[in-house]
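Read the structure below first, then the notes.
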Amino acid sequence: MSSAESKRLVIDASVATSTGERGERGVRCQAFLRVMIDETYHRLVMTREIGAEWDIHSHPFARVWRRSMNAKRRVDRPNAYHDTAFCLKIERASKTEKALVAMEKDLRLIEAARMTDKRVISLDDTARSYFSAVSSQVGELGDILWVNPVNDDETPNKWLTDGAPIEEQRQLRP
C-alpha cells in the first residue's frame, strides 16, 4: 500500500445510508469503506453539499468511518464549483425530463469528481446510465469513473486495493 497510489474518491451518501441496511447491500457497503480506510491510502472528497447530504442520511457506521477518515487527515474538502456551461450541456443532451432530474440530483458528485481524481462511488446505477448515455455529447463525462460498491461484477474492493485505476469499463461512456 503506497500513498503514491492514493486517489480522491467522491462517495455518494447512498453508500453511507446503506451501511445501516440489513443484508448483502449493507454488508458490502461497510466492507468497501473498511477496505478503503484499512487497506488503502485513498482519500474521501467531501464538498459542503456532499457533506450536508452525508450528515442527513448517514448510518452510525458511516459517521464513525467518516470521523476516522478525518482523524487520519484523509478527507479533501474542495470548494464546490458549479459550471453553468457544463450543466447546460447535460441539459441539452438529456433525452427526457426523467433523465435530467436524475442527473441533476447527482450532479454534485460529478462536479466534485471533475475537480479531483474523477472517481465516483455510488449505488445509483440509474443516474450512471443516464450520464453514460449523454457522455457522447458531453465529452467531459467520459473521463469520470463510476463504481458501485455492491456490484460484485465490478470487483469494487479489489479495484480499491489495486489503486483505483482508470479502467474503461468503469468510465461513463455509452
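If I ask for residues that are touching a helix residue (DSSP H, G or I) at 6+ places or on another chain (Cβ under 8 Å) and closer than 30 Å to ARG25 by Cβ, which ones from the stretch 78-96 would you list?
Within the stretch 78-96, PRO78, ALA80, ILE90, SER94, LYS95 meet the criteria.
Go through the residues of the stretch 82-97 one by one and say whether even a single one is of a type in the set (Ser, Thr, Tyr), assigned to a helix (DSSP H, G or I) and either on the phi > 0 side of the Ramachandran plot or out of contact with any Lys or Arg (no Cβ under 9 Å at 6 or more places or on another chain) (or both).
Yes, the stretch 82-97 has at least one match.
Give the residues of the stretch 78-96 that are surrounded by 13 or more Cβ atoms within 10 Å (Cβ to Cβ) and either of a type in the set (Ser, Thr, Tyr) or closer than 26 Å to GLY20 by Cβ (or both), sorted by residue number.
SER94
I need the full set of residues from the stretch 67-81 which are modelled with pLDDT of 90 or more and either farther than 23 Å from LEU145 by Cβ or in a loop (DSSP other than H, G, I, E, B) (or both), in order please.
Of everything in the stretch 67-81, those that are modelled with pLDDT of 90 or more and either farther than 23 Å from LEU145 by Cβ or in a loop (DSSP other than H, G, I, E, B) (or both) turn out to be ARG67, SER68, ASN70, ALA71, LYS72, ARG73, ARG74, ARG77, PRO78.
Any idea which of LEU109, LEU123 is assigned to a loop (DSSP other than H, G, I, E, B) and crowded, with 20+ Cβ neighbours inside 10 Å?
Exactly one residue qualifies, and that residue is LEU123.
Out of the stretch 12-35, which residues are farther than 14 Å from ASN157 by Cα, out of contact with any helix residue (DSSP H, G or I) (no Cβ under 7 Å at 6 or more places or on another chain) and either acidic (Asp, Glu) or touching a residue at least 12 places away in the same chain (Cβ under 8 Å) (or both)?
Scanning the stretch 12-35 gives SER14, GLU21, GLU24.
The values are calculated or read from the model by the stated rules, or taken from the named source; none is laboratory data. Remember, predicted model here, so these are calculated numbers, not experimental data. Because the Cβ atoms are built from the backbone with ideal geometry, glycine has one as well, and the counts that use them run over all protein chains shown.
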